[in-house]
Structures are given as C-alpha cells and as structure tokens.
Amino acid sequence: MRALQKLVGTVGGAAILILAVGCSDPAADMQISALQERVARLKGEQRDLYQQLAAAHDARERDGRLSAQQLRDLETQLADARRQLADAPATVVKSGSFTEAGGIAWANIAENILFDSGEAKIKPQGRERLRDLVREIQAKYSDRDIWVVGHTDNDPIIRTKELYDDNRQLSQMRGYKVTMVLAELGIENERLISGGQGQYRPLVSNDSKANKAKNRRVEIIAVRRPGVDELGVQPQAQGG
C-alpha cells in the first residue's frame with residue numbers, strides 16, 4: 001500500500017509541475033517535453049497497478065488474503081491516480097510557435113524582434129515574425145479570438161519618455177501596433193483584442209539584465225469566444 005500511496009503522490013506532483021511550466025515560460029520546450037515523458041511513464045505504471053488490482057481480486061476470491069476494506073482502499077487510490085493523469089498529457093501541448101493548455105493557446109515574441117527599446121514601431125523582422133504567426137493562427141485557431149498583450153520590464157522609460165507616461169502605456173501601444181499588423185495580414189478585426197500590462201505580469205523576476213529581456217515581450221493568445229462550444233459552433237438562443 002505504501003508503494004501505491006507514493007505513486008499517487010508522484011502523479012499529483014507531475015500534474016502540478018506541468019501546469020507550472022505551462023503558465024510560466026512557454027519557451028521551455030525541453031522542460032515541457034521531459035514532463036510529458038514523465039507522465040507517459042507514470043501512465044504505464046498505472047496500468048501495472050490495475051493489473052495488481054485484478055490480481056488482488058483474484059487472490060481474495062481464492063484464499064481471502066485481502067479484506068474487503070483493503071480492496072476498497074486499493075481501488076480508491078487507483079481511481080485517484082487515474083483522475084489526476086486523465087488530462088495531464090493534454091495539459092501542456094507545444095505546437096509550432098504556440099503552447100496550448102486548457103483551451104487556450106499562446107505565443108510570446110521578444111521585444112528585440114518587434115521593437116527598438118522604448119518604441120512601438122514594428123521592425124521589418126518583427127513583421128515577418130508576425131506573418132509566420134498569422135499562418136499558424138489561421139491554420140489552427142481560425143475559430144478563436146486573438147488577444148494581443150504587451151509587456152515590459154520594470155525599468156522606467158527614458159529615451160521616449162515624452163511619448164509615453166509609463167510602461168503600461170508603452171505596452172498598450174505595442175499591443176495595438178501588433179494588432180494592426182495582424183489585421184493587415186488577414187486576421188479579421190472582430191477577432192482582435194489589444195491591451196498592455198506594463199511591468200505587472202512578468203515571466204520571471206526583474207532581478208537581472210537577462211531576466212528583464214525575457215519580460216519585454218508581446219503575448220499573442222488564442223481563446224475561444226464565450227458561448228462557443230468545442231466544435232466552434234455558436235449555440236442557438238433559446239426562446240421563451
């Protein structure tokens with residue numbers, strides 16, 4: 001029974017780790033892959049445990065070595081393991097530039113690809129990167145709204161401080177500019193929503209130059225519209 005309890009705890013830990021990676025840094029491809037492999041291995045161990053359960057039932061019927069309560073405990077632990085593993089492999093999925101979790105897909109584009117420091121004018125290389133993303137969006141997420149959110153580090157604006165009151169305003173303008181390019185490249189305006197969070201949603205702590213560079217980004221998020229089911233069909237309004 002101790003071995004079963006240990007496995008259930010490990011399964012739970014794996015699921016939590018996958019969620020943490022998915023919500024912190026979508027660029028951590030190798031880490032995500034390693035966690036998914038771990039979950040696959042745990043699923044194999046789970047199958048072994050089901051075989052143990054079947055054997056335990058046989059042993060009880062044969063010579064009564066396990067009590068009814070012990071069998072119930074075993075079944076409960078296996079059910080818990082199954083529940084925790086059921087969605088784990090799909091919790092985080094890396095697909096092209098996007099990472100998917102829970103019906104949401106997102107991609108981060110670093111500031112230095114899109115903009116010069118303190119500015120909101122998109123560079124030619126940034127436009128090409130957005131063109132690639134539009135191809136992915138139209139191929140995979142044509143039924144979803146696209147949110148564009150600008151992010152900065154916590155350094156105050158210096159070079160263009162006459163243009164922007166603070167980092168939030170700069171990030172909002174960057175989100176807007178990216179949204180306009182996405183529209184030019186073929187995404188319908190009714191699907192596009194833009195905004196900015198300044199320094200208030202960092203990926204990592206702003207405690208080094210390298211970490212600040214990670215936090216300066218534009219996040220593109222594909223989300224299902226409220227009221228649209230998994231097939232992308234808008235439900236009919238009910239009369240009455």
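The values are calculated or read from the model by the stated rules, or taken from the named source; none is laboratory data. Predicted model only: the values in this text are computed from it and were never measured. Using ideal geometry, Cβ is built from the backbone for each residue, glycine included, and neighbour counts are taken over all protein chains shown.
Remarks
- Scan of segment 136-155 for residues that are in a helix (DSSP H, G or I), surrounded by 14 or more Cβ atoms within 10 Å (Cβ to Cβ) and not hydrophobic (A, V, I, L, M, F, W, C), ordered by number: E136, K140
- Those residues of segment 118-151 which are in contact (Cβ under 8 Å) with a residue 60 or more places away in the chain and not charged (D, E, K, R), in sequence order: L133, I137, Y141, I146, W147, V148, V149, G150, H151
- Criterion violated by H151 - all others in (1) touching an Asp or Glu at 6+ places or on another chain (Cβ under 7 Å); (2) at pLDDT below 95 satisfied: (2)
Every residue, every condition in (1) farther than 27 Å from L203 by Cα; (2) loosely packed, with under 13 Cβ neighbours inside 10 Å; (3) modelled with pLDDT of 80 or more; (4) assigned by TED's automatic domain parsing to the domain that holds V181, yes or no:
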position	(1), (2), (3), (4)
L66	yes, no, no, no
Q69	yes, yes, no, no
L74	yes, no, no, no
Q77	yes, no, no, no
I113	no, no, yes, yes
G118	no, no, yes, yes
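- Which listed residue, of I158, I187, is among the β-branched types (V, I, T), modelled with pLDDT of 95 or more and either touching a His at 6+ places or on another chain (Cβ under 6 Å) or in a loop (DSSP other than H, G, I, E, B) (or both): I187
- Segment 93-130, residues that are more than 15 Å from I146 (Cα to Cα) and charged (D, E, K, R): K94, E111, D116, E119, K121, K123, R127, E128, R129
- In the set I157, I220, only one residue is among the aliphatic types (A, V, I, L, M) and closer than 18 Å to E136 by Cβ; that residue is I220.
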